[in-house]
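Structure record follows, encoded as structure tokens.
The values are calculated or read from the model by the stated rules, or taken from the named source; none is laboratory data. Predicted model only: the values in this text are computed from it and were never measured. All Cβ positions, even for glycine, are placed from backbone atoms using ideal geometry, and neighbour counts span all protein chains on display. Heavy atoms of the whole protein, side chains included, go into the accessibility calculation; ligands, DNA and RNA do not. Shrake-Rupley method; radii C 1.70, N 1.55, O 1.52, S 1.80 Å.
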Protein chains: 2
Amino acid sequence: MRVSTRGEYGVRAMFDLALNFGKGPIALKTIAERQMVSESYLEQLMAELRKAGLVHSKRGAQGGYELADRPVNVSIGEIIRVLEGPITPVDCLDTDTERGPYCGTPERCVLRNFWRELQDSMTQVLDNTTLEDLRQDAYRLEVAE
Amino acid sequence: MRVSTRGEYGVRAMFDLALNFGKGPIALKTIAERQMVSESYLEQLMAELRKAGLVHSKRGAQGGYELADRPVNVSIGEIIRVLEGPITPVDCLDTDTERGPYCGTPERCVLRNFWRELQDSMTQVLDNTTLEDLRQDAYRLEVAE
DNA sequence: TCATTTCCCACTAAATAGGTAGGAATTGAA
DNA sequence: TTCAATTCCTACCTATTTAGTGGGAAATGA
């Protein structure tokens, strides 16, 4: 029932980009240092986020990464799905891949419904929180001090 | 963001015991066959559930396992915690173990709060669903046919 | 007595997690 | 035009976790 470091680091990096949105590209090195994450490991994650269209990159000197869209349009769920795959507590909920939608006995569907409920409560939080929400939380935190 | 087969099989087995609650001990072999799970693998899981006090066992001929308590008193969350450990999407939420409660920068606490929200929504479902709820779902399913 | 059943321990193959290393390609600035 | 900064790409690596298997000792009802 855990998010791996892929998801966790990815969210940290995207949150960092959200806090610096509008300032032009941010170098991977900067993000990695600020978020205390291995640079070359994070690089791989950023490559996946780029291919998924969540960030834009600029090569060469003064290059770096920036959000492809405004923070309000990026949910945490999107980030997690790119880095961790579909949000499904158990395989039989996963209709996209070939992990099968039906599980044999009718009693088993009772369990399937339960897992679906769990899935819904997770996606509810994940898909309804955006980077903008987190950015505002951070802002409020700063003001309060 | 997945439950491993440990949790999934464990819940299946406990659900099976709930459906057969009051009928005396059920042999591991029977559960394994009904739930289509490897017998010796399930055996290890049952051992952990027994040590955690969730099931009672009886050795020898006519032996087997049965719920230690009425289905209404067993939540799915308990089962999952025994077999998968604490329900924490990320380490910094885990105050029980030595994974640390505090994460460095104040901005990071924004993320911590977010993960906490996710955790809450998960435990909400997991801890408020009991084996009795599932048993009744199964009963209703049967009646409807 | 004996078939049945739990209990216990050791082992293992494959996948996943969490990285490292090195170099090619691009680009802004001096 | 050169060069340092930076992304991009591929390959590789180690430890841990996952999902089991196998064998035998101990208990117990018939």
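If you go through region B:108-129 one residue at a time, do you hit one that is open to solvent by 30 Å² or more (accessible area, probe 1.4 Å), in a loop (DSSP other than H, G, I, E, B) and at pLDDT below 95? Within region B:108-129, none of the residues are open to solvent by 30 Å² or more (accessible area, probe 1.4 Å), in a loop (DSSP other than H, G, I, E, B) and at pLDDT below 95. Candidates are the residues of region A:56-78 that are touching a residue at least 40 places away in the same chain (Cβ under 8 Å) and open to solvent by less than 40 Å² (accessible area, probe 1.4 Å); the one that is nearest to DNA strand D (Cβ to nearest atom) is A:Gly64.
Of the helices (runs of 4 or more DSSP H) lying entirely inside region B:5-55, the ones with 1 or more residues being surrounded by 19 or more Cβ atoms within 10 Å (Cβ to Cβ), of a type in the set (Phe, Trp, Tyr) and within 12 Å of DNA strand D (Cβ to nearest atom) are found at B:5-19.
Residue by residue, here is whether (1) within 13 Å of another protein chain (Cβ to nearest Cβ); (2) within 14 Å of DNA strand C (Cβ to nearest atom); (3) without any contact (Cβ under 8 Å) to a residue 24 or more places away in the chain holds:
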position: A:Arg6; (1), (2), (3): yes, yes, no
position: A:Ala13; (1), (2), (3): yes, yes, no
position: A:Phe21; (1), (2), (3): no, no, no
position: A:Leu28; (1), (2), (3): no, yes, no
position: A:Ala32; (1), (2), (3): no, yes, yes
position: A:Ser38; (1), (2), (3): no, yes, yes
position: A:Leu42; (1), (2), (3): no, yes, no
